[in-house]
Amino acid sequence: MPIFPVEQQNLFLYRYTMNTHSHNHDTESIGDRRLGFAIAINMLLTLAQVVGGILSGSLSLIADALHNFSDAASLLIAWVARKIGRQPADHFRTFGYKRAEVIATLINLVTLVLIGLYLVYEALWRMYEPQIIEGWMVVIVAAIALVIDLATAFLTFTMSKNSMNIRAAFLHNVSDALASVGVIVAGTLILLYEWYWSDTLITLLIATYVLYQAGTMLPKTIHILMQGTPEGIVIDDVVTAMQQVTNVINVHHVHIWQLDEHQNALEAHVLLSDYSHLDEVKDELKAALAQKFSIGHSTLEFEIKECKYDQC
């Protein structure tokens, strides 16, 4: 194997590092452009659906528009969160800015609940005051919405493989496509049989789905903000695994939480039999936490048996 001079090796390493950084930057830029385009077309679609719903008198079309607006907001949140999340930690945010996405998600979910409740109210009110609906406009606008929903899902599909946030937005768009299909069915029933009640039924179904999504995601979001133990991690199992490390007698004052949707953190007091091989023990503990429980950030305070709680 040929051996290059140190200067040439450093040059190769510099070029490789710069190329890798450039590739990652290009990938992020492409992702940002895709999200930006998806947000723009969904905002335009929302406007078109609201206008179409008002002109046609279709509540289900307006319901689909509000649901689509929530999707556009979710995409916007994902885009802004990607921007904010890239900022390094500083003196004000020592853990970084990743949790901004969780806060924005909470705001979006609360908005979803309000939209869902409003749609239920409007749909029930329509039962007392039926309204004539222009079926053709409903079908045409919903068909356009279906095409745009599928296009947006296509734009975010590749990015969704490596991001839970983008994956949620992708699934949201797929569900929107199904909602648009439902609106098309309602418009068709109105055209063929003048079943105006089908519009109210579709509205209630869309509202129910919106409330279901928000109700499913809200507890998880609040759990992260409340620094709850990450899903799938049992504290007793963590303590047991840590106490199996050589020289570890006891583990107590254990706290485990999520920094964001991807990073888990732990702090704990570790009682040792002695301080020999302290670095090796610490490395083994951190390796066990990372490999078995995906805890990448850990703060460990070591105590020796004879001097527990400063009683020497």
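The values are calculated or read from the model by the stated rules, or taken from the named source; none is laboratory data. What you see is a predicted model; the values in this text were computed from it and never measured. Positions of Cβ are generated from backbone atoms using ideal geometry, with glycine treated the same way; all protein chains shown enter the neighbour counts. All accessible areas refer to the heavy atoms of the entire protein, side chains included, with ligands and DNA or RNA removed. Shrake-Rupley method; radii C 1.70, N 1.55, O 1.52, S 1.80 Å.
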| Conditions (1) under 18 Å from ASP176 (Cβ atoms); (2) modelled with pLDDT of 75 or more: number failed by LEU59 | (2)
| said: Here's a check for you: in segment 279-301, which residue that is surrounded by 14 or more Cβ atoms within 10 Å (Cβ to Cβ) and hydrophobic (A, V, I, L, M, F, W, C) is nearest to MET226 (Cα to Cα)? | reply: ILE295
| query | Under the condition of being part of a helix (DSSP H, G or I) and open to solvent by less than 100 Å² (accessible area, probe 1.4 Å), which residue from segment 118-134 is modelled with the lowest pLDDT? | reply | ARG126
| Residue ID - farthest from TYR97 (Cα to Cα), chosen from residues in segment 277-298 that are of a type in the set (Lys, Arg) and without any contact (Cβ under 8 Å) to a residue 24 or more places away in the chain | LYS282
| query | Quick one: would you say TRP197 is open to solvent by 30 Å² or more (accessible area, probe 1.4 Å) and at pLDDT below 85? | reply | yes
| Selected residue (criterion: nearest to the chain's Cα centre (by Cα)) from residues of segment 152-165 that are open to solvent by 40 Å² or more (accessible area, probe 1.4 Å) and either within 12 Å of ASP176 (Cβ to Cβ) or modelled with pLDDT of 75 or more (or both) | PHE157
| field | So THR203, is it out of contact with any Gly (no Cβ under 6 Å at 6 or more places or on another chain), crowded, with 17+ Cβ neighbours inside 10 Å, modelled with pLDDT of 80 or more and of a type in the set (Ser, Thr, Tyr) | value | no
| query | Are any of the residues in segment 255-276 out of contact with any helix residue (DSSP H, G or I) (no Cβ under 8 Å at 6 or more places or on another chain), part of a helix (DSSP H, G or I) and over 30 Å from TYR97 (Cβ atoms)? | reply | no
| request: Identify the residue in segment 78-109 that is part of a helix (DSSP H, G or I), open to solvent by 40 Å² or more (accessible area, probe 1.4 Å) and without any contact (Cβ under 8 Å) to a residue 60 or more places away in the chain and, among all such residues, is farthest from ALA142 (Cα to Cα). | output: ILE84
| remark: The correct count of residues that are free of Cβ contacts under 8 Å to residues at least 60 places away in the same chain, within 18 Å of SER294 (Cα to Cα) and open to solvent by 20 Å² or more (accessible area, probe 1.4 Å) in segment 224-255 is 14
| field | Tally of residues being at pLDDT below 90 and part of a helix (DSSP H, G or I) across segment 289-312 | value | 6
| said: So for segment 68-77 (the condition being over 25 Å from the mean Cα position of the chain (by Cα), at pLDDT 55 or above, open to solvent by less than 40 Å² (accessible area, probe 1.4 Å) and not hydrophobic (A, V, I, L, M, F, W, C)), does at least one residue qualify? | reply: no
